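Undergrad: I'd like to ask some things about the structure below.
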Amino acid sequence: MTGEMEAAAADSFSEFFKRRRKHAFEGVGKPCANCQTTLEGPYCHACGQNADTHHRSIGHLIWEAIEGMFHLDGRLALTLPALFLKPGGLAKDYMEGRIVRHVPPFRTFLVALLLFIFAAEHAIHSAQHHAEEEAHKRAEALATPQGRAAEAARLRAEALKDRDASLKEAATDRDAILAETAKDRDEELKDPDEERAKVLERYERAAAKARADYQEGVAKAQTDYAEAVAKADQIAAGKLPEGVGLTPEEARKADAARIRNLSLNGEVPAVTIHDDGNVETGAMPPEAQAALKEAAAKGHDPSKALRWSGGWLKESIAKARENPEFYVLVLFTWGHRMAVLLLPIVGLALALVYRNKPKFFIYDHLLVAMNLLSFAFLTNALGLVLPDAAKTWWFGLLVLWTPVNLFQTLRGAYGSSIVGAALKTLIVWWATVFSFSLLLVGLALLALAQI
C-alpha cells in the first residue's frame, strides 16, 4: 500500500512538470452536469458551466491555487516591466481601456500589498529574533569574568573613539567660526564708514564665544569619557550597572515596570530583577533625580507626554514592551486594512492637482493610484527581504526612484508638461508622505488600544 502511494505521489509530481497537451473535447452529446442540456462543446451553451471533469494531479491543484490567487499568465510579463520602467504608458493603457494586455490594476495592487505585508512581517520578526539572540549572548558573556573583561575593553575603546571624535569636531567648529569671524572683521575694516573699535569689539565677542563653546565641548567630551570608563571598570569588577547583562525577558520586565511606575511628577523608579524573576521598583537613584531635574529645567519633562492619557498610554506601552510579539501581531492585523486607505488618499490628491482637467474622472485617478501604490509596495517588499548589506543601498535608491516613477506616471498618463508634472509630483508626493505618516501614528495607537 505504501509503495502504491509513493508511486502515485511520484506520478503526480512528475505530471506537474510535464508539458500539457490540449486534447479535443470528448463530451459532445453528453448531458451537462448542472442543467442536463446536451453539450456541444467544452462549455454548456445554456448555463455556461465548464464541462471539464476537473480531475487534477496534486501538483496541478497547487499550481491552480497559486495561479488563481496571483493570476500568473502572460500578461504579467508585460505588466511588471511597464510598472517599473514605463509607468506612464501603463497608466495610460488602463485609463484608455487597453486592459486585456495587462494584469487588472486592482489585482496587482492587492497582490503587491499582500507581498509587502509578508515581507514587513518577516523583516520585523527577523530583527526581533536577531536582537534577542545578541542580548542572550551578551548576558551569557557578562556572567563570566572573561566576558566582563571583554565587554569592559570594548566600552573603553568605544569611549576613547567617541572622545577623540568629539574633540576633533569641537576643534573644527571653533576654527571654522574663528576663520569666518576674522574674514568678516577684515571685510568690515575695509569700509571707511565702519568704526574700527566697534568692529574689533564684535570680533572679540564672537571669538570669545567660539572659544568658550570649544571649552564646553571639550569638558563634555572628557566627562562622557570618564563616565564610560568608570562604567567599564565597574563591569570588569563584576558589579554590573542597572540594566546591563539582563536577558531579553528580564529587560522587557524592567522596562515595563519603569513605564508603569513613572509618576506624573516625573519620578523614574529604580528597577531590580531578582533571581526568581520578580521585578521590584524602588526609589529613584540620586543621579537619575539630578538628570531629571536638569531635563525639566530645559523644558524636557518626560511625564508631560503621559498626562493626557490618564494612565491608559502608560499601561498600553508597558504591555507592548512586555509582549512585543503580540503587539506586532495586532499591528499587522490592522496594518493591511489601513494600508488600503492610501488608495483613496492618493486618488484624491491626483484629483486635486488635475481638477482643471474634467475629462479625467475619479475612476481614472484611482487607476493611476493603484499603479503608484503597486510600485511602492513591490519595491519596498523587495528591499525588506534583501540582505542587510544591500538594504541601505536599495532604500537609498528608492528615495530617488519613487518620485521619478511618480513623475513618469503623471507625464505619461495625464500628458502634463515637464514643469507641470514636476510641480504636481511635489504636491502628490508630500501629500502621500504626510498621510502615510499620520496613518502610521494612528496605526501604532490603534494597536496599543487593542493589546
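Undergrad: What does the accessible area of THR38 come to, in Å² to the nearest 10, when a probe of 1.4 Å is used?
TA: 80 Å²
Undergrad: Same structure, new question: Order these peptides, 344-353, 226-235, by their mean beta-carbon neighbour count within 10 angstrom, highest first.
TA: 344-353, 226-235
Undergrad: On to the next question. Order 40-51, 332-343 from most to least packed using the mean count of other Cβ atoms within 10 Å.
TA: The peptides rank, most packed first, as 332-343, 40-51.
Undergrad: Go through GLU132, GLU216 and list them by solvent-accessible area, largest first, probe radius 1.4 Å.
TA: Sorted descending by solvent-accessible area, the residues read GLU216, GLU132.
Undergrad: What shape does segment 76-178 take by its C-alpha gyration tensor, where a ≥ b ≥ c are the square roots of the eigenvalues and a/c under 1.5 counts as rounded, a/b above b/c as prolate, and the rest as oblate?
TA: oblate
Undergrad: Can you pull the accessible area of ILE362 for me, 1.4 Å probe, Å² to the nearest 10?
TA: Using a 1.4 Å probe on the heavy atoms, I get roughly 90 Å².
Undergrad: Still on this model: For segment 100-152, with every protein chain kept in place, what is the accessible area per residue (1.4 Å probe, Å²)?
TA: Working: 2980 Å² over 53 residues.
Here the residues of segment 100-152 average 56 Å² of exposed surface.
Undergrad: Here is a follow-up. Excluding ALA208 itself, what net charge comes from residues whose Cβ is under 14 Å from its Cβ, given Lys and Arg +1 and Asp and Glu -1?
TA: Local net charge: +2.
Undergrad: Follow-up. With a 1.4 Å probe and every protein chain kept in, tell me what percent of the accessible surface of segment 72-171 is carbon plus sulfur.
TA: Solvent-exposed carbon and sulfur of segment 72-171 make up 65 percent of the total.
Undergrad: Another question, if that's okay. Before I look further, what does segment 312-405 give for accessible area per residue, probe 1.4 Å, in whole square angstrom?
TA: Per-residue accessible area for segment 312-405 comes out at 52 Å².
Undergrad: Can you list the residues, at least 5 places off or on another chain, whose amide H is less than 5 Å from the amide H of TYR43, using H built in the peptide plane?
TA: ALA51
Undergrad: Identify the chymotrypsin sites (Phe, Trp or Tyr not before Pro) of segment 340-369 meeting these criteria: DSSP loop state and at most 12 other C-beta atoms within 10 Å of the C-beta. Numbers along the way, then the final one.
TA: Values: sites: TYR354, PHE360, PHE361, TYR363; in loops: TYR354, PHE360, PHE361.
The qualifying sites are PHE361.
Undergrad: How much solvent-accessible surface does LYS359 expose, in Å² to the nearest 10, with a 1.4 Å probe and all protein chains in place?
TA: Per-residue accessible area (LYS359): approximately 140 Å².
Undergrad: Counting only protein chains, not ligands or nucleic acids, how are GLU322, GLU140, GLU188 ordered by accessible area (probe 1.4 Å), most first?
TA: Numbers: GLU322 80, GLU140 130, GLU188 60 Å².
Sorted descending by solvent-accessible area, the residues read GLU140, GLU322, GLU188.
Undergrad: What net charge is computed for the residues neighbouring LEU178, neighbours being all others with C-beta under 13 Å from the C-beta of LEU178, Lys and Arg scored +1, Asp and Glu -1?
TA: Net charge in that neighbourhood comes out at -1.
Undergrad: Classify segment 112-160 from the C-alpha gyration tensor, please: rounded if a/c falls under 1.5, else prolate or oblate depending on whether a/b exceeds b/c.
TA: Oblate, because a/c is 1.5 or more while a/b does not exceed b/c.
Undergrad: While we're on this one: For segment 171-179, take each phi angle, set θ = phi - 60°, evaluate the Karplus expression 6.51 cos²θ - 1.76 cosθ + 1.60, and give the result in whole Hz per residue in order, putting x for glycine and proline.
TA: Taking θ as phi minus 60°, the curve returns 5, 5, 4, 4, 5, 5, 5, 4, 5 Hz for segment 171-179.
Undergrad: OK, next. Assuming a ≥ b ≥ c are the square roots of the Cα gyration tensor eigenvalues, decide whether segment 144-211 counts as rounded (a/c under 1.5), prolate (otherwise, with a/b larger than b/c) or oblate. If you can, show how the numbers build up before the last one.
TA: Numbers: a/c = 12.32, a/b = 5.36, b/c = 2.30.
Prolate.
The values are calculated or read from the model by the stated rules, or taken from the named source; none is laboratory data. For clarity, every value in this text was computed on a predicted model and none was experimentally measured. Cβ coordinates were reconstructed from backbone atoms using ideal geometry, including for glycine residues, and neighbour counts include every protein chain displayed. Only protein heavy atoms, including side chains, enter the accessible area calculation; ligands, DNA and RNA are left aside. Shrake-Rupley method; radii C 1.70, N 1.55, O 1.52, S 1.80 Å.
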